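Note sheet for the following structure.
The values are calculated or read from the model by the stated rules, or taken from the named source; none is laboratory data. Just so it is clear, the structure is predicted and the values come from calculations on it, not from any experiment. Please note: Cβ atoms are built from the backbone with ideal geometry, for glycine as well, and neighbour counts cover all protein chains shown. Quick note on the areas: whole protein, heavy atoms, side chains included, nothing else; ligands and nucleic acids left out. Shrake-Rupley method; radii C 1.70, N 1.55, O 1.52, S 1.80 Å.
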Amino acid sequence: MDQFLYSLPLIGLVFEFVGYLIAILPDISPIILRAATPIAFAALCGVMCERSGVVNIGIEGTMLVAAFVGWVAGVYLAPVLGTEAGPVFGASTTLVVALLLALLAGVLVSLVHAWLSISVRADQIISGTIINIAAFGITGYLISLLSQTAPIGAGQFKQWTPPAELTDLPLVGWIFETLFNQGPLTIGLLVIVVLFQIALFRTRWGLRSRAVGEHPRAAETVGINVILLRYRNVMVGGMLAGLGGAYLSMEGTPIFQQDMTAGRGFIGLAAMIVGRWTPLGAFGAALLFASTTGIAQSILIAPPSGQLGDVLQSLPPQFFDALPYLVTIIILAGVVGRSIPPAADGQPYEREAAT
């Protein structure tokens, strides 16, 4: 039956490709989750900000600054605190302190955006654009100076090895391998997504955040401090973006490269829209976008056999490099107009004068 389906023109290639994806899924699923981690953190940052009415397209720059600060902190703290690996995730004291400084950097950059967007009531798109441009320029200049001395960083967080009793289970063992054979930031992402989803739709804070994002004036009439809540949510969003940036230079790789975010902050915004401004939806969309990375790597390393393999191998490698961005554009084009953002998203709020 399979041979008959595969022999059909065009349709056979589709069936063959689906079969290939099913066969390689257990092998590429850890790659997909790792590739989705920074995108998902960026998407969660967007959900946190926009659910309270603040558009933040400066996520890319925030992640870049956090990645740079975490790596530089490791470079200069390693001689002082040492790089001896700890018992948990191989985390040295230097790595832990550098991670905290990366998160602080993300919060501070987001504080600038919050001040411009909420207090100054500047255009939120322009504010985010300024942050992105400044982050690219400053980190690019500083890394060009530091690279002349070839500094050595503090290393990176190690992956946790789950027990064989879980990974050797039939049918589901590969799922445990995917979820738990990861570093602390990737595993932490899974926990944050669940907690964020519950908090946003099942807690008092979540109700207030959604109210401020939908109708801030009505929210303030019932005693909600709109300005304070927006500030707080944007800064927490900066911490989430900081985790995404720290992943790039402290868990995914032990180095920092110029513009190493490579558009992940913008893809995270697309994941937020596709996920309809919900944490679980945004995480699912991030996995969808990141799946192209795992599939592309699998095709380049172990392409399928037969006619499908001949077709895929005939494509230039640059096509697979561009695939995540192409898929993002195609999916986003079909979703825009159907996903409805919070009603007050991007609208500056000004308190009424007391009479």
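Screening the range 44-79 for residues that are charged (D, E, K, R) and part of a helix (DSSP H, G or I) and picking the one that is surrounded by the most Cβ atoms within 10 Å (Cβ to Cβ) gives GLU60. For the range 125-139, state whether one or more residues are modelled with pLDDT under 90 and either closer than 30 Å to GLY90 by Cα or over 21 Å from the mean Cα position of the chain (by Cα) (or both). No, the range 125-139 has no match at all. When the range 107-146 is filtered for residues that are farther than 11 Å from VAL234 by Cβ and either β-branched (Val, Ile, Thr) or touching a Lys or Arg at 6+ places or on another chain (Cβ under 8 Å) (or both), the ones remaining, listed by number, are VAL120, ILE125, ILE126, THR129, ILE130, ILE131, ILE133, ILE138, THR139, ILE143. Please work out if THR292 is open to solvent by 40 Å² or more (accessible area, probe 1.4 Å) and modelled with pLDDT under 95. The answer is no for THR292. The residue pairs whose first member lies in the range 303-323 and is under 15 Å from LEU21 (Cβ atoms), whose second member is open to solvent by 40 Å² or more (accessible area, probe 1.4 Å) and outside any helix (DSSP H, G or I), and whose beta carbons are closer than 6 Å, counting only pairs six or more residues apart or on different chains, are GLY309/PRO303; LEU312/PRO303. Somewhere in the range 260-270, is a residue over 30 Å from GLY213 (Cα atoms) and either out of contact with any strand residue (DSSP E or B) (no Cβ under 9 Å at 6 or more places or on another chain) or buried (at least 22 other Cβ atoms within 10 Å of the Cβ) (or both)? Yes, because at least one residue in the range 260-270 is over 30 Å from GLY213 (Cα atoms) and either out of contact with any strand residue (DSSP E or B) (no Cβ under 9 Å at 6 or more places or on another chain) or buried (at least 22 other Cβ atoms within 10 Å of the Cβ) (or both). Cβ separations smaller than 6 Å between residues 6+ apart or across chains give the following pairs from the range 201-223 residues that are among the small types (Gly, Ala, Ser) to residues that are open to solvent by 30 Å² or more (accessible area, probe 1.4 Å) and assigned to a loop (DSSP other than H, G, I, E, B): SER209/ARG51; GLY213/ARG51. Taking the range 140-159 as the range and being of a type in the set (A, V, I, L, M) and either modelled with pLDDT of 95 or more or open to solvent by 50 Å² or more (accessible area, probe 1.4 Å) (or both) as the test, the residues that pass are LEU142, LEU145, ALA150, ILE152.
Taking the range 162-178 as the search range and keeping residues that are of a type in the set (Val, Ile, Thr) and modelled with pLDDT under 90, which one is most open to solvent (accessible area, probe 1.4 Å)? For the range 162-178, the residue satisfying everything is VAL172.
Residues in the range 80-106 that are surrounded by 19 or more Cβ atoms within 10 Å (Cβ to Cβ) and within 30 Å of VAL226 (Cβ to Cβ): ALA102, LEU103, ALA105, GLY106.
Of the conditions (1) open to solvent by less than 40 Å² (accessible area, probe 1.4 Å); (2) touching an Asp or Glu at 6+ places or on another chain (Cβ under 8 Å); (3) among the hydrophobic types (A, V, I, L, M, F, W, C), ALA343 fails just one. Which one is it? Every listed condition holds for ALA343 apart from (1). May I ask you to list the residues in the range 107-139 that are of a type in the set (Gly, Ala, Ser) and open to solvent by 20 Å² or more (accessible area, probe 1.4 Å)? SER119, ALA122, ALA134, GLY137, listed by residue number. Residue pairs whose Cβ atoms lie under 7 Å apart, sitting 6 or more positions apart in sequence or on different chains, and linking a residue in the range 229-256 that is more than 10 Å from LEU185 (Cβ to Cβ) to a partner that is open to solvent by 20 Å² or more (accessible area, probe 1.4 Å) and charged (D, E, K, R), are LEU229/ARG208.
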